[in-house]
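First the structure, in the form of structure tokens, and then the observations on it.
The values are calculated or read from the model by the stated rules, or taken from the named source; none is laboratory data. A quick note: this is a predicted structure, and the numbers were derived from the prediction, not measured. Cβ placement follows ideal geometry from the backbone for every residue including glycine, while neighbour counts extend to all protein chains displayed.
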Amino acid sequence: MRRSVRPGVLAALAALPLAPLMAQPPATPAQTPPAAGAPATPGGPTSAQPPRRAPRPYAQVVTARAVTDAGGITVHRVDDRWLFEVPDSLLARDFLLVSRVAGVPSNFDGFVSAGTSVEDRVVRWERTGDRLVLRSIGFDAVADDSLPIALSVASNNVGPILAAFPVQAFGRAGGRDSATAVVDVTDFFAGDTPAIAGLTAAQRRQYQVRRLDPARSYVSTVRSFPMNVEVRHTQTFDAAEPPSDRSGGALTLEMRQSLVLLPKTPMRPRYADARVGFFAVERVNYGLDEQKAASQRFIRRWRLEPKDTAAYLRGELVEPIKPIVYYLDPATPAKWRPYVRQGIQDWQKAFEVAGFRNAILAKDPPSRAEDPEWDPEDIRYSVVRWAASLVRNAVGPSTSDPRTGEIIESDITWYHNHMRSYRNRLMVETGAANPAARTLEIPEELMGETMRQVITHEVGHALGLPHNMVASSAFPVDSLRRASFVRRYGVSATIMDYARQNYVAQPGDGLAPKDFIRRLGPYDDFVINWGYRALPQARTPEDERATLHGWLMAQRGPLAYRYVPQQLGGVDPRAQTEDLGDDPVRAGTYAVANLRRVVPSLVEWTTKPGEDYDDLAELYGEAMRMWATYMNHAVTTIGGVEVDARTADQAGPAYRAVPRARQREAVAFLAEQVLRTPAWLAPEEILSRIGPQSGASSLANAQAAVLTQMLAAARLARLADAEARTPDAAYAPTAYLADVRRALWGAVPSVAAPDANRRALQRVHVERLGALVAPPAPPAGGQGAGGGGGPGGPGQQLPALLAPPAVPRTDLPALARGELRTLRDTARRSAALSAGMARAHWQDMADRIDVILDPPRGR
């Protein structure tokens, strides 16, 4: 079964010796036999095979026609067959098998582009009689081999056999005692092998794939190196709905498989801590002396070891034995190469805090004359890839050793069209105060600076760092208007936050174009030191823990490091995507002030004589989406819970409800900005040019989406929970619902009809209350689905407050019924006093509520 791609992937090529694993004798000429193995079949190695023949003499298999590439696993090509010669010394050794997409058709799914890793797993070669099997090995459960419990762990965690290969021949010495076994791997790579397939089950359904066509699927190249084998192969599928060239009825992918030997002695891991933002590997260690099946979590990081340990311990900056090296994709446009290079090497200063000089380097790829075998898809090389794609994104995955968390390789991908995203966001978010952003052609220096910081962010992921959205809340909102402050710190305390542009700064604040862009911050210095500083005095990972804990406890001041998992961004208002500063309402107020300046200028900034209004429509839609984002920052304050992972020796609560006064301030802000129609967001000057809008670009729909979030069951449930625990301090759900009602429905009874947008919102209000009265039945067993899993808050599990509430078992239906009765009474009285559109609207509201409270039979 296909596993999901991990958020980061780690391990150990950095520590591997450079010498070959085993010297391989050259192949000798022999008589020409029939080609080894059977023809490729659609089912790959799992399809029916001809009767298995016994091993033959080496010279009859590795014939005079063989083209041999010697390495740790020597590769032979005989006609159209590919043979691996696997030495006994590699049996039962851990390899990492990494599957990558090497080439995709146009319009292919999502963020999959050339270089995208789609699968990785640890595998081992095992010999059983005259067969070699390739077995997948998991590290979710472990125990030291010296302990009796290790027998039970092995018996209860048997890894699947991915393929079985008949031994075609033993090594040239002959016989089963030979030091090597030769197997035919052609069908494994050329067939539709689930373990290395390029298409997921969902993609097969999407493109209506019927089968892999063996006639159009083949192995292109296999190259052997001392520590890895690189296989490139082509997969062609019969498809009724391919992503491009639909009349061709086929979908072709180019794939790359890397089989990498992991170190016999793994890197010493470092324990993860829920208070520090690192991707982690997790396992259950049954060998620990605890009265439970205890888990261990290790951070994902590169292996950095000082060349001069004595100098390092004296506090001198020391170069690592093996630095982290990223190569620039040869496809990178020349004008952008300096910015990509700088984005990589900006991390050098953070590594200097950890004691390393030149820890991370950016290099141009070697020329063909310098290294004819250099290949950006070779797992020995980490590359910043430039993808010719319409996707607007960049990603920073890495490949790791699941035994220890050691990162061994990473391919950053910058998608070409991501510049369009930043062109749009720069205009919409900063154009009011940043003249350089008031154009569809952003100046090269500003776009390059933006690209540089995106690359730095993605490299941060590849260093093991997840998003840390709480970091922006360390900055007071008004500090973001001071040029001296943002010039030093940027817009957030870490580059790993989604705080990309400074939308708080106002015209006249004196910021230069670069001051609107994020950059590395003090959190980055802390987290790199915490994860990467070598501790030679410690003999074991356990010995490091007191030091690591001490670094966290010793922090003081306003910029002390904090981490909140991204999954909590909808609960903790400090940790939201795209927010700025320590106060969502104040930041939103500044953001709206800037948008009110930008929207009237969009026609001027986006149109030219002789061109249509496509850019205007796109930028207007971007402005609407950002307005909705700012509004939802305030919404999250309502029912918000601040979550801080703490240990028993730290003061303060781990969970704390947002103070009632701040929640009420958010309601007042939303009443003014959302529930009262913001007509400025739908100017006739724009709509007359681009036409009526739908979806997220429709003002009414955008308002409805915000109101829907305000009435989400999970939000109301958190309000109710806070009232149950601290009734004197909580914002009671009854008070909140009444505040929303008064803000949306106004003085009652009403003779006048609300405007069209307000009428639409009132219908949404009734609809959402109705959903609370008659919610879906809860799943058997109590709580709703979800809420667990993954690294996160206290206890390394995401808290239960993320789980959707079982609404029928709460007070929410009763509260909603009470609100609906009040609204029905209001609507009836207003209908009796009004006429025309007003009367029709109020009567409709009353009728809708009647149906909810007293549904027709049979419903």
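Of the residues examined, residue 550 is not one that is within 22 Å of residue 589 (Cβ to Cβ), small (Gly, Ala, Ser) and surrounded by fewer than 14 Cβ atoms within 10 Å (Cβ to Cβ).
For residue 711, the conditions (1) touching a residue at least 60 places away in the same chain (Cβ under 8 Å); (2) over 28 Å from residue 471 (Cα atoms) all hold with the exception of (2).
Is it the case that some residue within the range 626-649 is at negative phi, polar (S, T, N, Q) and assigned to a loop (DSSP other than H, G, I, E, B)?
To start, the set of residues in the range 626-649 that are at negative phi comprises 626-638, 640-649.
Right, trim to polar (S, T, N, Q) and you get 629, 632, 636-637, 647.
Okay, now just the ones that are also assigned to a loop (DSSP other than H, G, I, E, B), so 647.
Yes, the range 626-649 contains at least one residue that is at negative phi, polar (S, T, N, Q) and assigned to a loop (DSSP other than H, G, I, E, B).
Looking across 519, 482, one residue alone is basic (Lys, Arg) and within 23 Å of the chain's Cα centre (by Cα). It is 519. May I ask you to say which residue of 369, 350, 394 is at pLDDT below 95 and within 26 Å of the chain's Cα centre (by Cα)? Answer to the check: 394.
Within the range 610-627, the set of residues being surrounded by 19 or more Cβ atoms within 10 Å (Cβ to Cβ) and under 12 Å from residue 699 (Cβ atoms) comprises 620, 623, 624, 627. Could you please find all residues in the range 402-419 being more than 17 Å from the chain's Cα centre (by Cα) and of a type in the set (Ser, Thr, Tyr)? Once the filter is applied, which keeps residues that are more than 17 Å from the chain's Cα centre (by Cα) and of a type in the set (Ser, Thr, Tyr), the range 402-419 yields only 404. Considering (1) outside any loop (DSSP other than H, G, I, E, B); (2) buried (at least 20 other Cβ atoms within 10 Å of the Cβ), the lone condition that residue 89 does not fulfil carries the number (2).
For the condition over 23 Å from the mean Cα position of the chain (by Cα), farther than 30 Å from residue 427 by Cβ and in contact (Cβ under 8 Å) with a residue 12 or more places away in the chain, residue 511 does not qualify. Number of residues in the range 743-774 that are outside any helix (DSSP H, G or I) and under 16 Å from residue 671 (Cα atoms) equals 4. Tallying residues that are surrounded by fewer than 19 Cβ atoms within 10 Å (Cβ to Cβ) and within 24 Å of residue 606 (Cβ to Cβ) within the range 629-648 yields 1.
Only one of the numbered conditions (1) surrounded by 17 or more Cβ atoms within 10 Å (Cβ to Cβ); (2) without any contact (Cβ under 8 Å) to a residue 40 or more places away in the chain; (3) aliphatic (A, V, I, L, M) is violated by residue 354, and that is (2). The residues on offer are 201, 272, and the sole one that is within 21 Å of residue 403 (Cα to Cα) and of a type in the set (A, V, I, L, M) is 272. Residues of the range 191-219 that are within 13 Å of residue 237 (Cβ to Cβ) and in contact with a Gly (Cβ under 8 Å, 6 or more places away or on another chain): 191, 192, 212, 214, 217.
Within the range 241-284, being of a type in the set (A, V, I, L, M, F, W, C) and free of Cβ contacts under 8 Å to residues at least 40 places away in the same chain holds for one residue alone: 250. Within the range 201-212, the presence of at least one residue that is crowded, with 16+ Cβ neighbours inside 10 Å, more than 28 Å from the chain's Cα centre (by Cα) and either acidic (Asp, Glu) or in a strand (DSSP E or B) (or both) is confirmed.
Here's the yes/no breakdown for (1) surrounded by fewer than 16 Cβ atoms within 10 Å (Cβ to Cβ); (2) touching a helix residue (DSSP H, G or I) at 6+ places or on another chain (Cβ under 6 Å); (3) modelled with pLDDT under 80:
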residue	(1), (2), (3)
781	yes, no, yes
790	yes, no, yes
801	no, no, yes
809	yes, no, no
812	no, yes, no
851	yes, no, no
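For residue 609, the conditions (1) at pLDDT 95 or above; (2) over 30 Å from residue 664 (Cβ atoms) are fulfilled apart from (1). Of all the listed residues (707, 670, 687), the sole one being part of a helix (DSSP H, G or I) and surrounded by fewer than 19 Cβ atoms within 10 Å (Cβ to Cβ) is 687.
Scanning the range 561-578 for residues that are part of a loop (DSSP other than H, G, I, E, B), in contact with a Leu (Cβ under 9 Å, 6 or more places away or on another chain) and under 15 Å from residue 468 (Cβ atoms) gives 561, 565, 575. Answer yes if at least one residue in the range 533-554 is under 30 Å from residue 715 (Cα atoms), touching a residue at least 60 places away in the same chain (Cβ under 8 Å) and not in a loop (DSSP other than H, G, I, E, B), and no otherwise. No, the conditions are met nowhere in the range 533-554.
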